[in-house]
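The values are calculated or read from the model by the stated rules, or taken from the named source; none is laboratory data. Not measured: the values here are computed from a predicted model. Here the Cβ positions follow ideal geometry from the backbone for every residue, glycine too, while neighbour counts run over all protein chains shown. For accessibility, only protein heavy atoms count, side chains too; no ligands or nucleic acids. Shrake-Rupley method; radii C 1.70, N 1.55, O 1.52, S 1.80 Å.
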Amino acid sequence: MTQDTQQRWTIDELLPGGPAALEGRIARLEGIAVRIEGMRPLLAPGIAPEDFARLLAALEEFARAAGELQGYGELWFSGDLRRQEAQAFLGRVEQAAADLGNRVLFFSLWWRALDDDSAARLMAGAGDVRYYLAKERL
C-alpha cells in the first residue's frame, strides 16, 4: 500500500456521537458520582454485603465511563497533535474526570482505613473485584 492510499485509523465507533456527545457523557459521569455520594452514609464496618456490592458496581461504572472518555480523547489527540479541537476535548475530559474522581475518592480512603476483619468479610463476597480491593488496601 502506498502512502497515498494508506487509510488512517478511525475512532468513530469508540464514542457514539463523538465529540458532540461530550457534555452528555460528562453529565452521565456526574450522575454516577452523585449516586456514589448518596451511598456514602452506608460506609461502616458493618455495611451489608448487598449495599457494598451496589457501591462497587457504581464505582466500576464510574471508572468505565471515565475511561471511555479519556481513552477517546487520548486517541483523538494522538492521531493529530495539531488539532485544537482534540486538545480541547482531552483537556475538558481530564478536568471533569479529576473533579468528579475527587468527589468519589472518599471510598478509597474509607476502604484503606477499614479494619482487617471487616475488609476480609466484604472481600469474601466481592467476586471479580476482590483483587482490586486487596490491592487498594496495600
For this session: State whether the residues of the stretch 106-118 include one that is surrounded by 14 or more Cβ atoms within 10 Å (Cβ to Cβ), over 17 Å from the mean Cα position of the chain (by Cα) and either without any contact (Cβ under 8 Å) to a residue 40 or more places away in the chain or within 29 Å of residue 11 (Cβ to Cβ) (or both).
Result: yes
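Within the stretch 87-105, can you find the residues that are small (Gly, Ala, Ser), surrounded by 12 or more Cβ atoms within 10 Å (Cβ to Cβ) and free of Cβ contacts under 8 Å to residues at least 24 places away in the same chain?
88, 91
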Exercise. Identify, please: which residue in the stretch 16-46 is assigned to a loop (DSSP other than H, G, I, E, B) and touching a Leu at 6+ places or on another chain (Cβ under 7 Å) and is, among those, farthest from residue 87 (Cα to Cα)?
Worked result: 45
Exercise. Which residues, counting only those in the stretch 92-109, are in contact with a Lys or Arg (Cβ under 7 Å, 6 or more places away or on another chain) and among the hydroxyl-bearing types (Ser, Thr, Tyr)?
Worked result: none
Exercise. Given the conditions (1) more than 30 Å from residue 122 (Cα to Cα); (2) open to solvent by 100 Å² or more (accessible area, probe 1.4 Å); (3) not in a loop (DSSP other than H, G, I, E, B), which single one is not true for residue 74?
Worked result: (2)
